[in-house]
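Read through the structure below, which is laid out as structure tokens, and then see the notes.
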Amino acid sequence: MFTTISLADDADGGSAALYTKQETELFIMNCDIDGDMENQVEMEEKTRLINQVLELQHTLEDLSARVDAVKEENLKLKSENQVLGQYIENLMSASSVFQTTDTKGKRK
């Protein structure tokens, strides 16, 4: 299938290998897979980050909606408190129990 041939002319004194076409294709495929794996890892990381950003955007939208609802509820309660305060004030002014009396004049 393949053989390793030592080359004496080689400048670094190493050896050169002859590979079959299948091995060369396998090597190229492995390089492609490594490149694809790096791309796949990058894509997975990008996808994860995009999903995280989208989740944070939805959370922000939910919080903004909640703040708006609380503001509306606060205004409604303030208005109701004003109405109740005015009602209580009117009741107190109409009732003789809450009227100031001159106790000094009655005792003499």
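Below are the figures for this structure:
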read-out: Sites THR47 and VAL70 - FRET efficiency at Förster radius 25 Å, r taken between beta-carbons, to 0.05; value: 0.10
read-out: Stretch gain in nm, segment SER96-GLU80, where the contour uses 0.36 nm per residue and the Cα spacing is subtracted; value: 3.2 nm
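Any read-out appearing in this document is the output of simple, stated calculations on the displayed coordinates, not a laboratory observation. Computed from a predicted structure; not experimentally measured. Don't worry about glycine lacking a Cβ; one is built from the backbone with ideal geometry, like all the others, and counts go over all protein chains shown.
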